[in-house]
Amino acid sequence: MGIVNVTPDSFSDGGRTVGCQAAVAHACALIEAGADLVDVGGESTRPGAEPVSADDELRRVAPVIERLSALGVPVSVDTSKLVVAKAALEAGAVWVNDVTAFLADPRMAELVAEHGATCCLMHMRGEPRTMQLDPRYDDVVSDVKSFLEDRLEFAVAAGVAEECVVLDPGLGFGKTVTQNLELLRRLDEFVDLGRPLLIGASRKSFLGAVTGRGVAHREAATAAANLLAFERGAKIFRVHHVGPTRDALTVASALRCQTGHRKARDRGRSLHTFAGPL
Ligand code: HH2
């Protein structure tokens, strides 16, 4: 999932792709580099961000989504606002990525269900303005997991098909560096929720804290985090820059295929050996 921020203030690329033309060109470049879909957002959710009005958000994202959908690019809209999601789906978006997991507006679930869209439900503690103020959990993995379980249940009860739900532990959204690392390290514990896991590690500050690198120099760290997430069961990777993660995952997949072939071959061999004396 390639990120297209049509915002003046996103934490790593704010202001770069604000106009419709620039945003569409950037999205096409992400697809060209190997993204399977793009996530178009018109409101920054970085720590401390002030909310944007629905009108402003709509003005930013609607023309971009319309143009990309006309070009056949699969689009996700990154929003928590019902009117924005509605306009985006009508303009051709196929996903709603709601960082509030339908808590900001519960009617979002019915909208997604009506359109048969896919939705990503993410964990966030509080709201962007205050989420980094002393985040505490009993056990970050269990707490985030039970939140996602509840939100999945809510979405399904509202009519969203279970197979249309993707879950995301929300790295960086109300978590300390240690809590982000814990979520990443124990990501395999989310697999039994039974839904594909999306991971949004791209350029986030916990990677900066670990590597000492500024936001413009976190691509290798991003690819490493995504690779570790892949190894623990993540299926979708939300990134600003597609190439490094795509390559890292291609290598990991090649290895996994080879391991699969070897296991199948060894199974055949042991069966053969076992069958021999019989
Ligand atoms: N992270 C950001 C925004 N949306 N959605 C999901 N599902 N998961 C994430 O981890 C996630 C997200 C923050 O990144 P970015 O869009 O680059 O920054 P900003 O919110 O400042 O625009």
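Considering only residues that are part of a loop (DSSP other than H, G, I, E, B) and surrounded by fewer than 17 Cβ atoms within 10 Å (Cβ to Cβ), which ones fall in segment 138-165?
Result: Asp138, Asp139, Ala158, Gly159, Ala161.
Which of the residues that make up segment 201-220 are among the charged types (D, E, K, R) and within 13 Å of the ligand (Cβ to nearest atom)?
Arg203, Lys204, Arg218
Within segment 196-207, count every residue that is open to solvent by less than 10 Å² (accessible area, probe 1.4 Å) and either in a helix (DSSP H, G or I) or hydroxyl-bearing (Ser, Thr, Tyr) (or both).
2
I need the full set of residues from segment 236-263 which are among the aliphatic types (A, V, I, L, M) and open to solvent by less than 40 Å² (accessible area, probe 1.4 Å), in order please.
Ile236, Val239, Val242, Ala248, Leu249, Ala252
Within segment 1-27, take every residue that is aliphatic (A, V, I, L, M) and closer than 23 Å to Ile236 by Cα and give me the one that is most open to solvent (accessible area, probe 1.4 Å).
Only one residue fits best here, namely Ala25.
Conditions: (1) within 17 Å of the chain's Cα centre (by Cα); (2) open to solvent by 50 Å² or more (accessible area, probe 1.4 Å). Gly126 meets all but one. Number of the miss?
Answer for Gly126: the failing condition is (1).
Could you check segment 166-195 and list, in sequence order, the residues that are in a loop (DSSP other than H, G, I, E, B), within 16 Å of Phe237 (Cβ to Cβ) and away from the ligand (no atom under 12 Å from the Cβ)?
Arg195
Would you mention how many residues in segment 220-254 are closer than 22 Å to Leu183 by Cα and acidic (Asp, Glu)?
1
For a quick check of your reading of the model, give me the residue pairs whose first member lies in segment 169-186 and is open to solvent by less than 30 Å² (accessible area, probe 1.4 Å) and polar (S, T, N, Q), whose second is within 11 Å of the ligand (Cβ to nearest atom) and assigned to a loop (DSSP other than H, G, I, E, B), with beta-carbon atoms closer than 7 Å and at least 6 apart or on different chains.
Asn180/Leu171; Asn180/Gly172
Just name the residue that is surrounded by the most Cβ atoms within 10 Å (Cβ to Cβ) out of those in segment 28-60 that are assigned to a helix (DSSP H, G or I) and either within 12 Å of the ligand (Cβ to nearest atom) or hydroxyl-bearing (Ser, Thr, Tyr) (or both).
Glu57
State whether the residues of segment 77-91 include one that is out of contact with any helix residue (DSSP H, G or I) (no Cβ under 8 Å at 6 or more places or on another chain), crowded, with 20+ Cβ neighbours inside 10 Å and small (Gly, Ala, Ser).
Looking for residues that are out of contact with any helix residue (DSSP H, G or I) (no Cβ under 8 Å at 6 or more places or on another chain), crowded, with 20+ Cβ neighbours inside 10 Å and small (Gly, Ala, Ser), one finds none in segment 77-91, hence no.
The values are calculated or read from the model by the stated rules, or taken from the named source; none is laboratory data. Quick caveat: nothing in here was measured; it's all calculated off a predicted structure. Ideal geometry is used to build each Cβ from the backbone, glycine not excepted, and the neighbour counts take in all protein chains shown. For accessibility, only protein heavy atoms count, side chains too; no ligands or nucleic acids. Shrake-Rupley method; radii C 1.70, N 1.55, O 1.52, S 1.80 Å.
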